[in-house]
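Visitor: Encoded as structure tokens, here's the structure I'll be asking about.
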Amino acid sequence: MNKIYLDHNATTAPSPQVIADVSRVMAEFFGNPSSQHWAGQDAKRILDVARARASKLIGSKADEIVFTSGATESNNTVFAHVAALARKRSVHVVTSAIEHSSVLNSCAALEQQGVKVTYVQAAWDGRINARQIEAAFTPETVLVSVMLANNDTGVIQPIADIAVFAHARGILVHTDAVQAAGRIPLDVKTLGVDFLSLSAHKFCGPRGVGVLYVKSGIELVPLMQGGKQETARRAGTENIPGIAGLGVAAEQAQQGVSNYTQRCVQLRSLLQQGILSLFPDTRIYGETADRVANTLSMGFPGVDGMALMLNLDIEGIAISIGSACGAGDHEPSHVHKGMGCTEEDALSVVRFSLGPENTEEEIDATLAALGRAVPRLRSMRVK
Amino acid sequence: MSNKPRIVVGLSGGVDSTLAASMLLEQNYEVVGVTLRLLPCEDSGERRSCCGLDGVAQARAVAGQLGIRHYVADCHDAFTDNVLKQSWNVYAQGMTPNPCVLCNRHIKFGWLLDFAKTLGAEQVATGHYAQMIPDATGHRRLHRGADHKKDQSYFLYALDQYQLDAAIMPLGGMTKPRVRELAAERGFVNAHRQDSQDVCFAVDNGGFPEFMRQRFGATSKPGVLVDDAGKILAQHDGIHKFTLGQRKGIGVALGKPAFVKSVNLQTGAVVLSTEKADLLSDHTFVRNLIWHGEPLQQGQEVECEVQTRHGQKAVSCIIRQENSDMISVRLSEALFAITPGQAAVFYQGSLVLGGGSIVGTL
């Protein structure tokens, strides 16, 4: 069976250079970077190179990079920092209703501890309105956390505007930039953020490694207690092969952004136009907003998104629905509900997320598979 | 796109469904494995059963070995409504339900068949030991499995013709030892795994009814345990814990082995007896009949055989359609503990004629 992978927002295949470097580092640099001897020093140099590469991807200083196990840990670290503030005084957090579960569930945990949280809904086009974020601020607000690009729709959020409003009141700004790295140019100064989270595997790096950018001057309260690694901001012996792979991936992502965008826009238009000409009543979510180039969120009225996803999978085409539960018991995506969709509309949504290595032939095969599955699923709907 | 017929196989993680899937692959089907999650995770976590995580991981492993697609489908809402609630209703009536009959009808060949259709598959296969054989008119009819020790046709009588037409049971013509042999030949990871049985709820000491009472927050009629003479022996906290002929877990000693002779829904009284003969009966009544052939006319009689529980030897009988909702069954020999709520399934040789729910005996 031909395998077609259109789920790059879930994860991306590591590039050959990444695979080579992870293997090389694992084989040749086994030392503990905290050791003072030659083995430790060699490993530490790997860490330094990767840190420089990662900082270049987001326009930060090298010492503002904290390596983590991925964006979930990075996000949790930010909220652990807020939890520490909340032990001293009454605090408030503003976030959006369309964040990743690692943000939403961290907020829910903070609420259990008495922290007040405001969840701002997205507009119909998938955008968070910066003025609405500003309106949610109170004198107790200490943090605003809004993702840079949404995982379901690809819609790019006005983080720079939010940061201006937040900083005018001394509020810290966090963005989960997982879906933006390698897809749009990233610069922490332009964005004006204090914290930024990345996962390497979303930009062709290895799984299980990520970054938390912490702006100089912020005394981060660490999530992980232990040794003094990452200048006492993240304890635990560093995942040196993974971090090396992240470094290589960061460098490739940074250099490849414009090619990536060009190629993905081309493929996505082909897919989007193809679907619309097959099924003119298909809804595109986030079309009128700025989107990352690879993401296409579409609603097929009268079709269960889960069933459509499984039908494509049986033909070897990997796509996604908003939130993956068990097959059969399909919960609508909180992102689409957060954009004001009805439950029925939200259940009809699937997500195609492309990569530059996808081909025109793969798009054609996907359109053909949709052409078979969608009419059949629609005809079955009336029971 | 593949031109092979697509079929969904209910994969429990056990050896039977694995071999069924493998045989269908060899018959050139495009096989999609589906494992049903029947209970919410918090309920099934500790249970070693076909619904547990244990089974899901096994099913995933064999699907990987077979190189087929595998999905885990949550159907606990349908299972709760159509199997658990209905079973509880029967317990609350002082009777003993048969959840496996309900599950085959509503879940494995109900919910799963609907799900299969959304995947573009017209048929559902399982590892059941039963056979589907076309009759003279070309209708697929349900027959016993060739391995009479493993035969599961008793649990399948309630499938309707639409379901029988969609059901594929590749192991129906085989014996269990042969299945294990073929599984071992194919090197399946689970070839020597213990049988899961048809029963998802391995129940000790009435655990299943009590589990369901708690689950639905229901109350059950409490009452007394009495002997044949009406002497009160003990109190009990709910009739749902007792089934006709039950010997274990009664909680009183009568000097001789005692068993439940009757359960009174109105008073909650559970009568115990030490005389086996008290529970023998050769005349019983059945309702909710599902009949696979021409519908029976009022007054019509049919000579056949009946089984009043799984694994029991069939006994010849004459059934009679008494009225629109009730048939009587006169048996050629008396059977022990013909239990209200359980299924009576009618056979002619290996052919399943139909079946229904036992109401009571004379």
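Visitor: A:TYR285 is checked against (1) more than 14 Å from chain B (Cβ to nearest Cβ); (2) surrounded by 21 or more Cβ atoms within 10 Å (Cβ to Cβ); (3) at pLDDT 85 or above; (4) closer than 30 Å to B:SER2 by Cα and fails just one. What number does that condition carry?
Guide: Result: A:TYR285 passes all but (4).
Visitor: Go through the stretch B:20-37 and count every residue that is within 18 Å of B:ALA191 (Cβ to Cβ) and either in contact with a helix residue (DSSP H, G or I) (Cβ under 7 Å, 6 or more places away or on another chain) or in a strand (DSSP E or B) (or both).
Guide: Residues in the stretch B:20-37 being within 18 Å of B:ALA191 (Cβ to Cβ) and either in contact with a helix residue (DSSP H, G or I) (Cβ under 7 Å, 6 or more places away or on another chain) or in a strand (DSSP E or B) (or both): 4 in total.
Visitor: Only residues that are surrounded by fewer than 24 Cβ atoms within 10 Å (Cβ to Cβ) and either hydrophobic (A, V, I, L, M, F, W, C) or not assigned by TED's automatic domain parsing to the domain that holds A:LYS61 (or both): list them for the stretch A:174-185, please.
Guide: Taking the stretch A:174-185 first, the residues surrounded by fewer than 24 Cβ atoms within 10 Å (Cβ to Cβ) are A:184-185.
Within the stretch A:174-185, A:ILE184 is the sole residue that qualifies.
Visitor: For A:THR77, indicate whether it is outside any strand (DSSP E or B), under 18 Å from A:ALA166 (Cα atoms) and touching a residue at least 40 places away in the same chain (Cβ under 8 Å). Let's see the steps before the verdict.
Guide: Numbers: outside any strand (DSSP E or B): yes; under 18 Å from A:ALA166 (Cα atoms): no; touching a residue at least 40 places away in the same chain (Cβ under 8 Å): yes.
In short, no.
Visitor: Right, here's the next one. Determine whether B:SER332 is of a type in the set (Ser, Thr, Tyr), in a strand (DSSP E or B), in contact with an Asp or Glu (Cβ under 9 Å, 6 or more places away or on another chain) and within 21 Å of B:ALA158 (Cβ to Cβ). Let's see the steps before the verdict.
Guide: Numbers: of a type in the set (Ser, Thr, Tyr): yes; in a strand (DSSP E or B): yes; in contact with an Asp or Glu (Cβ under 9 Å, 6 or more places away or on another chain): yes; within 21 Å of B:ALA158 (Cβ to Cβ): no.
The answer is no for B:SER332.
Visitor: Okay, moving on. I'm checking my understanding of the structure. Among residues of the stretch B:321-357 that are over 14 Å from the mean Cα position of the chain (by Cα) and β-branched (Val, Ile, Thr), which one is surrounded by the most Cβ atoms within 10 Å (Cβ to Cβ)?
Guide: The qualifying residue surrounded by the most Cβ atoms within 10 Å (Cβ to Cβ) is B:ILE338.
Visitor: Could I ask something else about it? Taking B:ARG37 as meeting all but one of (1) modelled with pLDDT under 90; (2) away from chain A (no Cβ under 14 Å), write down the number of the exception.
Guide: (2)
Visitor: With the requirement that a residue be in a loop (DSSP other than H, G, I, E, B) and out of contact with any strand residue (DSSP E or B) (no Cβ under 8 Å at 6 or more places or on another chain), what does the stretch A:154-185 give you?
Guide: Selection gives A:PRO158, A:ALA168, A:GLY170, A:GLY182, A:PRO185.
Visitor: Okay, moving on. Give all pairs with beta carbons closer than 7 Å in which a residue from the stretch B:212-228 that is within 23 Å of B:LEU39 (Cα to Cα) meets a residue that is among the aliphatic types (A, V, I, L, M); count only pairs at least 6 apart in sequence or on separate chains.
Guide: Going by the 7 Å Cβ cut-off, the qualifying pairs are B:MET212/B:LEU84; B:ARG215/B:LEU84; B:ALA218/B:ALA92; B:SER220/B:ALA92; B:SER220/B:ILE239.
Visitor: Considering the stretch B:122-162 alone, what residues qualify as being part of a helix (DSSP H, G or I) and touching a Lys or Arg at 6+ places or on another chain (Cβ under 7 Å)? Even if it seems obvious, please write down each step before you answer.
Guide: First, the residues of the stretch B:122-162 that are part of a helix (DSSP H, G or I): B:153-156, B:161-162.
The answer is B:SER153, and nothing else.
Visitor: I'm checking my understanding of the structure. Among residues of the stretch A:299-315 that are more than 9 Å from chain B (Cβ to nearest Cβ) and outside any helix (DSSP H, G or I), which one is nearest to A:PRO356 (Cα to Cα)?
Guide: A:GLY299
Visitor: Same structure again: Given A:LEU296, A:LEU276, which one is in a helix (DSSP H, G or I), within 19 Å of A:ALA373 (Cβ to Cβ) and at pLDDT 95 or above? Step through it out loud before you land on a result.
Guide: On the way: A:LEU296 fails: in a helix (DSSP H, G or I).
Criteria check complete, one pass: A:LEU276.
Visitor: Next question, about the same structure. Identify all residues within the stretch B:75-119 that are more than 14 Å from every other protein chain (Cβ to nearest Cβ) and not in a helix (DSSP H, G or I); write none if there are none. Write out each step before concluding.
Guide: Here is the first cut: in the stretch B:75-119, the ones more than 14 Å from every other protein chain (Cβ to nearest Cβ) are B:82-106, B:109.
Result: B:GLN93, B:GLY94, B:MET95, B:THR96, B:PRO97, B:ASN98.
The values are calculated or read from the model by the stated rules, or taken from the named source; none is laboratory data. Note that the coordinates shown come from a computational prediction; the quantities given were computed from them, not determined experimentally. Cβ sites come from the backbone with ideal geometry, for glycine too, and all protein chains shown count toward neighbours.
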